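Presented below is the structure to which this report refers.
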Amino acid sequence: DKHHRGKKNVTQPKPSIKFQKATLRHSQNVLEWLAEPHVQEFWDNSPEHSRDILIFMKGRSEPSPYWNGMFDYWIGTIDDEPYCLLMTSEVLPHQSDLSDLWKTHLSKTGRTFSIDFMIGNRKFLGKGLGGPTLHAFTRFIQENVDPSIDTFLIDPAESNPRAKHVYEQGGFTTV
């Protein structure tokens with residue numbers, strides 16, 4: 001008679017991940033996240049980028065010093081607690097800075113958006129949320145923003161293999 005003593009396999013409930021456009025009420029969180037070492041390692045923490053985020057949060061009523069204000073910023077929450085920031089922009093076939101690789105993978109039937117993503121809130125690091133967040137975010141964009149956005153591109157730093165793994169968990173394929 002064999003008896004196994006150990007933790008029972010209890011399935012954790014899936015977190016309720018929600019998204020919304022970043023607004024001024026998120027500014028303190030985002031600015032704190034941008035100062036975190038784990039974020040600074042891979043994210044642009046220039047004054048121009050911070051300024052662009054704030055300009056977006058205020059409704060883009062003034063010109064931006066950062067990529068002509070081409071990015072939209074989104075806050076991800078779990079149980080109403082902000083934990084991540086995503087930035088998106090449309091990728092257009094006529095952009096002069098597009099690599100041949102990106103041009104090859106643009107949507108043939110709809111619109112293509114780029115995504116950059118970070119978990120800023122330290123409390124949520126190492127919890128396996130990267131893949132589920134990206135999967136939920138792409139679904140959110142298609143269901144709530146624009147169903148014609150059917151292709152998403154992410155360009156992680158070569159020096160960040162962990163991000164590549166997370167993106168694959170989120171449904172992305174390496175090309």
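The values are calculated or read from the model by the stated rules, or taken from the named source; none is laboratory data. Owing to the predicted nature of the structure, the values given are computational and were not obtained by experimental measurement. Here the Cβ is made from the backbone with ideal geometry for all residues, glycine too, and neighbour counts use every protein chain on show. Heavy atoms of the whole protein, side chains included, go into the accessibility calculation; ligands, DNA and RNA do not. Shrake-Rupley method; radii C 1.70, N 1.55, O 1.52, S 1.80 Å.
Quick notes on this one:
- Per residue accessible area in Å² of the chain, where ligands, DNA and RNA are left out and the probe is 1.4 Å: 63
- The alpha-carbon atoms of the stretch 59-111 define a convex hull whose volume equals 151 cubic angstrom per residue.
- Given charges at beta-carbon only (K, R positive; D, E negative), |dipole| of the chain in Debye: 900
- In the stretch 73-150, a dipole from Cβ-located charges (positive for Lys and Arg, negative for Asp and Glu) runs towards its positive end, and of W74, L125, L101 it is L125 whose Cα lies farthest in that direction.
- The stretch 37-156: relative contact order in percent, alpha carbon pairs under 8 Å with at least 6 residues between: 21
- Of all accessible heavy-atom area on the chain, the percent that carbon and sulfur account for (1.4 Å): 50
- The convex hull around the C-alpha trace of the chain, projected and averaged over every direction, spans 13.5 square nanometres.
- Degrees separating the helix 130-140 axis from the principal Cα axis of the chain, which is the longest one: 60
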